[in-house]
Amino acid sequence: MTQNNATITIANQSFPSFRTELNQTLQDIYTNFSGSSDPDATNVAFAGSLYYDTGDNILKLRNEDADAYISLFTTDQSADTAVPTNLNVVVDTSPQLGGTLDTNGQLIQFGDSGSATDDRLQFGASQDLLIYHDGSNSYITDSGTGNLKIGGSQIDIEGTSETMAKFIDDGAVELYHNNVKKIETTANGVTVTGTAIATTDTDTSNSGTVDLDFATKQNFVLTLTGNITSLTASNEQVGQSGFIVFIQDGTGGRTVTLHGDYETAGGSGLSLSTAASATDIVPYVVAASSRILLGTPQKAFS
């Protein structure tokens, strides 16, 4: 490891001196002009020449203009290893790993994604699965072949400081409100802690043809402002049950004629209270498609 000569040009001289200077020059070249300072810029540092900096343990290459060195590798003399000094993956548009990427205790950090071409973690050959943050929200997006599957013996969804849901392998699915379990699936069905409230349609003006949409509401509260000449039904689900409340307006005496989807005991039809402002409740259950069975009206609540 030497820098014996300020120049690698050997002058005419006697043979012993020539031999000494030649050996020194060959040693300089053989050891890449190693030393704690840069070789002579005028006579030694030619374009493309190598130099080993013993002060910083860096192998350097003279640039094409022969006016500066490019750092190539930093060595660890104790571990007998070397790593690239200035690894630039920006200029390589298709870098490839030769093995497992070790983060060395550091972070892999993405910026806010502004479009489909930046700051996103992408899986699959056709952007099948994407993970990113757009500055406002975080996304896990599956848009490729197949389904998004999340596996585990138990999967917990957590809030900032509380449980929101649990999915247990071969067991229950649990849903929480404010960290308190409210719904749990069991082998026999569902357990609800608290109250299960079905949606109710409250309509204060009903006459003529009135359709009850059982897909959007479970229960119905209807104020009769005239005779309902045809009470129809749509989107009923087998097994669905609930109630229909009929309220007479201030006039009273309003009647309800049922469409064929509704059935009453003995086909007797629907008989309601006639007094002004009277309130009747009629329970129902959907036995089959187009078969809504009405129970006996409970009349004249006050």
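We did not get these values from a lab; they are worked out from the coordinates using the rules stated. From a predicted model like this one, the values you see are computed outputs, not experimental measurements. Please note: Cβ atoms are built from the backbone with ideal geometry, for glycine as well, and neighbour counts cover all protein chains shown.
Taken one residue at a time, the phi angles of the stretch 198-209 give Karplus couplings (6.51, -1.76, 1.60, θ = phi - 60°) of 7, 6, 10, 8, 10, 10, 8, 8, 9, 6, x, 8 Hz. Gly and Pro are set to x. Under the classification rounded if a/c is under 1.5, otherwise prolate if a/b is larger than b/c and oblate if not, where does the stretch 219-271 fall, given a ≥ b ≥ c as square roots of the Cα gyration tensor eigenvalues? Note, shape of the stretch 219-271 comes out prolate. When the chain is treated as a GNM with alpha-carbon contacts under 10 Å, the residue of L59, L148, L175 showing the greatest mean-square fluctuation is L59. Put a plus charge on the Cβ of each Lys and Arg, a minus charge on the Cβ of each Asp and Glu, and nothing anywhere else: the dipole of the chain about its Cα centre is then about 1260 debye. Across the chain, the longest piece that holds none of the GluC sites (Glu not before Pro) lying in DSSP loops with up to 15 other C-beta atoms within 10 Å covers 163-302.
By the rule of a C-alpha distance below 18 Å, with chain neighbours fewer than 8 residues away ignored, the aspartates and glutamates paired with K299 are D249, D280.
Stokes-Einstein diffusion coefficient for the stretch 200-301 at 4 °C in a medium of 1.567 mPa s, Rh from the Kirkwood formula over Cα pairs: what value in µm²/s? So the translational diffusion coefficient is about 97 µm²/s. Selection among G253, I58, T185 by position relative to the dipole of the chain gives G253 as farthest towards the positive end (Cβ unit charges, Cα centre). Post the alpha-carbon centroid distance, the stretch 230-285 to the stretch 163-198, in whole angstrom. The stretch 230-285 and the stretch 163-198 have Cα centres spaced 35 Å from each other. When the chain is modelled as a GNM with alpha-carbon springs shorter than 10 Å, which of F110, F73, F243 fluctuates the most? In this elastic network of the chain, the residue with the biggest mean-square fluctuation among F110, F73, F243 is F73. The translational diffusion coefficient of the chain, from Stokes-Einstein at 37 °C and 0.692 mPa s with a Kirkwood hydrodynamic radius over alpha carbon pairs, comes to 113 µm²/s.
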